[in-house]
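Engineer: Provided herewith is a single structure, encoded as structure tokens, for subsequent inquiry.
The values are calculated or read from the model by the stated rules, or taken from the named source; none is laboratory data. Nothing here was measured: the structure is a model prediction, and the numbers come from that model. Backbone-built Cβ (ideal geometry, glycine too); neighbour counts: all protein chains shown.
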Amino acid sequence: MVSPSLLSANFANLEAEMKWFNQSSADWLHIDIMDGVFVPNISFGFPVLRHVARICCKPLDVHLMIVQPEKFVGEVKALGAYLMNVHYEVCPHLHRVVGQIHEAGMKAGVTLNPATPVSVLEDIAADVDLVLLMSVNPGFGGQKFIPHTLEKVRQLRQLLDRTGSKALIEVDGGVNLETGRQLKAVGADVLVAGSYIFSAPDPLKACEALSAL
């Protein structure tokens with residue numbers, strides 16, 4: 001599966017971006033919401049995303065890179081989001097937040113930063129629908145892939161199998177054809193790609209090539 005990242009789109013012409021995106025082989029639209037607190041950047045807020053949601057024909061994969069994400073469960077749901085993803089590092093009551101997301105009728109995802117070991121998910125793995133491993137430090141697009149992520153995917157796959165979890169493994173950061181092929185080989189299910197797709201001469205072909213891995 002492929003989830004192109006809206007963070008790399010042309011913000012001055014999102015309607016045109018959504019036109020080709022809706023015709024693409026992409027499975028989801030990955031949306032990174034940043035607050036300038038948890039990560040050193042600010043992306044876009046709900047007023048912009050409400051317009052995007054109206055013209056996007058694919059499921060929304062909403063990744064909250066913010067503190068206190070539980071405050072926005074209702075607003076993410078109002079977008080019509082398929083999945084709401086929160087960071088382990090900002091949720092001291094993670095089990096409760098996952099429950100709130102499920103109660104709102106969405107799939108629940110948990111994200112780990114590059115320096116956070118997969119072992120922290122031991123007691124929540126069976127309750128989540130997706131785990132996102134950041135393969136760059138969150139906050140900016142266009143960063144270089146961190147090679148150790150491949151070993152983390154292997155470790156996560158083992159943990160999910162051991163706990164009986166059906167969660168998908170998603171990876172975000174520095175994904176292209178080369179790293180995407182490596183990630184799929186070790187067990188990744190969903191590839192998030194920003195600049196590789198949106199900055200390509202032909203985004204449709206780039207998306208199709210990644211989907212074919």
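Engineer: So is Thr111 touching a Leu at 6+ places or on another chain (Cβ under 6 Å), surrounded by 14 or more Cβ atoms within 10 Å (Cβ to Cβ) and among the polar types (S, T, N, Q) or not?
Structural biologist: Yes.
Engineer: Taking region 156-179 as the search range and keeping residues that are basic (Lys, Arg) and not in a loop (DSSP other than H, G, I, E, B), which one is surrounded by the most Cβ atoms within 10 Å (Cβ to Cβ)?
Structural biologist: Ranking the qualifying residues of region 156-179, first place goes to Arg157.
Engineer: Here is a follow-up. Just one of (1) surrounded by fewer than 22 Cβ atoms within 10 Å (Cβ to Cβ); (2) farther than 25 Å from Ser199 by Cβ; (3) touching a residue at least 24 places away in the same chain (Cβ under 8 Å) trips up Phe44, so point out which.
Structural biologist: Tallying (1) surrounded by fewer than 22 Cβ atoms within 10 Å (Cβ to Cβ); (2) farther than 25 Å from Ser199 by Cβ; (3) touching a residue at least 24 places away in the same chain (Cβ under 8 Å), Phe44 fails exactly one: (2).
Engineer: I would also like to ask the following. Can you name the condition, by its number, that Gly141 falls short on among (1) modelled with pLDDT of 95 or more; (2) buried (at least 17 other Cβ atoms within 10 Å of the Cβ); (3) closer than 30 Å to Ile42 by Cβ?
Structural biologist: Every condition holds for Gly141 apart from (1).
Engineer: Hey, any hits in region 131-145 for a residue that's without any contact (Cβ under 8 Å) to a residue 12 or more places away in the chain and under 17 Å from Leu191 (Cα atoms)?
Structural biologist: no
Engineer: Please enumerate the residues belonging to region 3-33 that are out of contact with any His (no Cβ under 9 Å at 6 or more places or on another chain) and either of a type in the set (Gly, Ala, Ser) or not in a helix (DSSP H, G or I) (or both). Full working, then the answer.
Structural biologist: The initial filter retains those residues of region 3-33 that are out of contact with any His (no Cβ under 9 Å at 6 or more places or on another chain), namely 8-13, 16-29.
Answer for region 3-33, where residues must be out of contact with any His (no Cβ under 9 Å at 6 or more places or on another chain) and either of a type in the set (Gly, Ala, Ser) or not in a helix (DSSP H, G or I) (or both): Ser8, Ala9, Asn10, Ala12, Ala16, Gln23, Ser24, Ser25, Ala26, Asp27, Trp28, Leu29.
Engineer: Let me ask you something else. Which residues, taken from region 22-41, are without any contact (Cβ under 8 Å) to a residue 40 or more places away in the chain, over 15 Å from the mean Cα position of the chain (by Cα) and buried (at least 17 other Cβ atoms within 10 Å of the Cβ)?
Structural biologist: If the condition is that a residue be without any contact (Cβ under 8 Å) to a residue 40 or more places away in the chain, over 15 Å from the mean Cα position of the chain (by Cα) and buried (at least 17 other Cβ atoms within 10 Å of the Cβ), then Asp35 is the only one that fits.
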